[in-house]
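The values are calculated or read from the model by the stated rules, or taken from the named source; none is laboratory data. Every value quoted in this text rests on a predicted model; they were computed, and no experiment measured them. Cβ atoms come from the backbone with ideal geometry, glycine included; neighbour counts cover every protein chain shown.
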Amino acid sequence: MSGRRAFDGALWRRSSLVLAGLILAALALETSATFRLRAFGVEPNLLLALTYYFARYQGSTPGAVLGFLIGLLEDLSAPQDLGVHALAKCLVGFFTGKLWTGQRLFKDNLRAQSVTLLAAGLLHDLVVFTLVSRGRPGELLALFFRVGLPTAIYTALLCPLLVSAWGWLRANGPRFHERLFRLG
C-alpha cells in the first residue's frame with residue numbers, strides 16, 4: 001500500500017458542487033447592488049478570501065488554478081482589463097498554497113490567518129493596480145491607498161471571523177439549533 005486513499009467520486013462531486021456554490025455566492029455578493037458588506041465605504045474582497053482559504057487547505061497548484069478561474073470570472077464582469085484579476089488571484093493562490101504547505105502550528109490561529117490574508121490582499125491589489133494604472137506611480141499610489149489598503153484590511157479582519165463562525169456552526173449547529181428551538 002502506498003498510503004494513498006481510494007478515489008471517492010461521490011465526495012469529489014459533492015465537494016465540487018459546494019465549491020462552485022461558494023464561488024457563485026461570493027461573485028453574486030460582490031457584484032450585487034442590493035446586498036453589500038460595506039463598512040465605512042469599504043467592501044471585503046470575498047473572491048480573494050475564497051481563493052486564499054482554498055489555497056491554504058489544498059496547496060499551491062490547486063490554489064493557483066482556482067485563483068485563475070475565479071479571477072477570470074471576475075474579469076468577465078469588467079472586460080476592459082481582461083486577465084488582470086485572473087493573474088492577481090492566480091499569484092495569490094500559488095503563494096498562499098506555498099506559504100501554508102506543511103504548516104500545522106498556526107493553521108487555526110486567527111491572527112496568523114489575518115496577517116497572511118492581509119499580505120495576500122496587498123499583493124493582489126498591488127498587481128491589479130499596477131496593471132490598471134499602466135505603471136503611472138501617482139495613479140498607482142492613489143488607488144492603492146484609497147482602495148487597496150482599506151479593502152485588504154477589512155477583508156483580513158472580517159473573513160477569518162466568518163470562517164471561524166462557519167466552522168463553529170458546522171460543529172455545533174445541530175445542538176445549538178436543538179437547544180434554541182426546543183419544543184416543550
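Observations on the structure shown:
- If you filter region 27-59 down to residues that are modelled with pLDDT of 85 or more and polar (S, T, N, Q), you find that the one that is farthest from Val127 (Cα to Cα) is Gln58.
- Sole residue being more than 16 Å from Ala26 (Cβ to Cβ) and touching a Cys at 6+ places or on another chain (Cβ under 6 Å), chosen from Ala119, Ala64: Ala64
- Pair list, Cβ under 7 Å, 6 or more apart: region 77-106 residue at positive phi, other residue surrounded by 13 or more Cβ atoms within 10 Å (Cβ to Cβ) and modelled with pLDDT under 95: Gly83/Asp75
- Top-ranked residue in region 95-124 [being more than 22 Å from Pro44 (Cα to Cα) and not in a helix (DSSP H, G or I); ranked as modelled with the lowest pLDDT]: Leu105
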